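The values are calculated or read from the model by the stated rules, or taken from the named source; none is laboratory data. Since the structure is predicted, the reported quantities are computational estimates derived from the model, not experimental observations. Using ideal geometry, Cβ is built from the backbone for each residue, glycine included, and neighbour counts are taken over all protein chains shown.
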Amino acid sequence: MLATICYAGAAIFGRNFKSLDPMAPAAGSLLSGAIILVPLSLIVDQPWTLAPSAASVMALVGLAVFSTAMAFVIYFRLIRTLGSVGTTAQAYLRAPIGIAIGAYFLGESLSEAAWIGLLCILAGVAFMTIPEGKRKDVVQAA
């Protein structure tokens, strides 16, 4: 529950950065996290006692650059362009994407209830992200 509340709070608080280049709040977020976590990691993990392989270091760099830094820049860019509701709508798409991956790559079959649930999720995300003026047109057409 706390993670969900923090996620929602971050999206709402992130609206304050609309006027900034997305790189600025992304860099600030990462630097703030580093200031907090580096001293803790020195105490808890004692990195000088570790001997990571080259593959581990490359994986760490890949995760840091692509999965974290670029993701933050994209996130704050979306906050700027779509707003907090449109940006957080992507979280609802995780379930359909995960189910689709399981069905496609693992051959999992979907029940009727799963299909109905997926359609409800997609309709909800579409309804959240369609601009209000166009939303009225969609509802009237249905």
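Under 6 Å between Cβ atoms, at least 6 apart or on separate chains: pull out the pairs that start in the range 51-65 with a residue that is under 15 Å from residue 30 (Cα atoms) and end on any residue that is exposed (fewer than 11 other Cβ atoms within 10 Å of the Cβ) and not polar (S, T, N, Q).
none
Do we find that residue 105 is closer than 25 Å to residue 132 by Cα and either exposed (fewer than 11 other Cβ atoms within 10 Å of the Cβ) or not hydroxyl-bearing (Ser, Thr, Tyr) (or both) in this structure?
Criteria not met by residue 105.
Can you tell me how many residues within the range 65-113 are of a type in the set (Phe, Trp, Tyr) and within 21 Å of residue 126 (Cβ to Cβ)?
The total comes to 2.
I need a count of the residues in the range 1-55 that are in a loop (DSSP other than H, G, I, E, B) and among the small types (Gly, Ala, Ser). Can you show your working first?
So the first thing to find is which residues in the range 1-55 are in a loop (DSSP other than H, G, I, E, B), and the list is 1, 18-22, 45-46, 50-53.
Then drop every residue that is not among the small types (Gly, Ala, Ser), which leaves 19, 51, 53.
Result for the range 1-55: 3.
I'm told residue 129 meets every condition in (1) on the phi > 0 side of the Ramachandran plot; (2) modelled with pLDDT under 90 except one. Can you identify the failing condition by its number?
Unmet condition: (1).
Being of a type in the set (A, V, I, L, M, F, W, C) and outside any helix (DSSP H, G or I) is the requirement here; does residue 110 meet it?
Yes: the conditions hold for residue 110.
Okay, residues lined up against (1) surrounded by 12 or more Cβ atoms within 10 Å (Cβ to Cβ); (2) modelled with pLDDT under 85:
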{"residue": "67", "(1), (2)": "no, no"}
{"residue": "70", "(1), (2)": "yes, no"}
{"residue": "73", "(1), (2)": "yes, no"}
{"residue": "77", "(1), (2)": "yes, no"}
{"residue": "88", "(1), (2)": "yes, yes"}
{"residue": "92", "(1), (2)": "yes, yes"}
{"residue": "97", "(1), (2)": "no, no"}
